[in-house]
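Have a look at the structure below before the remarks.
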Amino acid sequence: MERYFRDGLASSTQRTYDSAKRKFLSFCRQFNVKNPIPVNEQLLCRYVAFLTEEGLAPKTIKCYLAAVRHLQISLHLNEPKISQMARLEQVLKGAKRAYS
């Protein structure tokens, strides 16, 4: 089953997600986030701000959030409803404006 779960992504997407997951976990270590999973909206907002300050494009940031979502699902936890997080959506809009 795990193999099929992983194979549900194209190999290029797997590589991108693996890199994004490492970045998320590194961010959590850097800021002493003890239990990053399951994620919460505040943590994701902080992560988006961090990625924006790192100079990542908004499209890349959304991909990184999708990778965090995938990470949580891969750990057999409920899917984080990222699209329903109003504050996160606002932070993403601000990140997009900052990037432009």
For the chain, with a Gaussian network of springs between Cα atoms less than 10 Å apart, report the residue from L88, L56, L65 with the top mean-square fluctuation. L56
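Would you list C63, C28 from the most to the least accessible area, probe 1.4 Å? Before the final figure, lay out the partial values.
Values: C63 40, C28 5 Å².
Largest to smallest exposure gives the sequence C63, C28.
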Within the stretch 1-97, what whole-number % of the accessible surface is contributed by carbon and sulfur, with the 1.4 Å probe and all protein chains included in the calculation? 50
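Taking the inverse of the average 1/r across all pairs of different Cα atoms in the stretch 58-100, what Kirkwood radius in Å do you get? It would help to have the intermediate numbers written out before the result.
Numbers: mean 1/r = 0.0899 Å⁻¹.
11.1 Å is the Kirkwood radius here.
What order do H70, H76 take when sorted by accessible area (1.4 Å probe), most exposed first?
Numbers: H70 25, H76 130 Å².
Listed by decreasing accessible area, they come as H76, H70.
Largest first, how would F31, F50 line up by accessible area (1.4 Å probe)? Please report the intermediate quantities before stating the final value.
Details: F31 90, F50 35 Å².
The residues order as F31, F50, largest area first.
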Using a 1.4 Å probe and ignoring any ligands, DNA or RNA, find the accessible area of S12 and quote it in Å² to the nearest 10. 60
Using the heavy atoms of the protein chains and a 1.4 angstrom probe, tell me the accessible area per residue for the chain in square angstrom. 66
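Please give me the summed charge of the neighbours of I61: other residues whose Cβ is under 10 Å from its Cβ, Lys and Arg +1, Asp and Glu -1.
On the way: positive: K59, K62, K96; negative: E54.
Spelling it out: positives minus negatives among the neighbours equals +2.
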Relative contact order (percent) for the chain, with alpha-carbon contacts under 8 angstrom and 6 or more residues of separation? 33
Hydrodynamic radius by Kirkwood, which averages 1/r over all alpha carbon pairs of the chain, in angstrom: 14.0
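Counting only trypsin sites (Lys or Arg not before Pro) that sit in a DSSP loop (anything but H, G, I, E, B) with at most 11 other Cβ atoms within 10 Å, what is the longest stretch of the chain containing none of them? Please report the intermediate quantities before stating the final value.
Values: sites that count: K34, K81.
Longest gap between qualifying sites, sites excluded: 35-80.
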Per-residue HN-Hα couplings for the stretch 64-71, Karplus 6.51 cos²θ - 1.76 cosθ + 1.60 at θ = phi - 60°, whole Hz, x for Gly and Pro? 5, 5, 4, 5, 5, 4, 4, 4
Ignoring ligands and nucleic acids, what accessible area does D18 show with a 1.4 Å probe (Å², nearest 10)? 40
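The values are calculated or read from the model by the stated rules, or taken from the named source; none is laboratory data. Only a predicted model underlies this, so the values are computations on that prediction, with no experimental measurement involved. Quick reminder, even Gly has a Cβ in these numbers, built from the backbone with ideal geometry, and neighbours come from all protein chains shown. Side chains included, ligands, DNA and RNA excluded: accessible areas come from the protein's heavy atoms. Shrake-Rupley method; radii C 1.70, N 1.55, O 1.52, S 1.80 Å.
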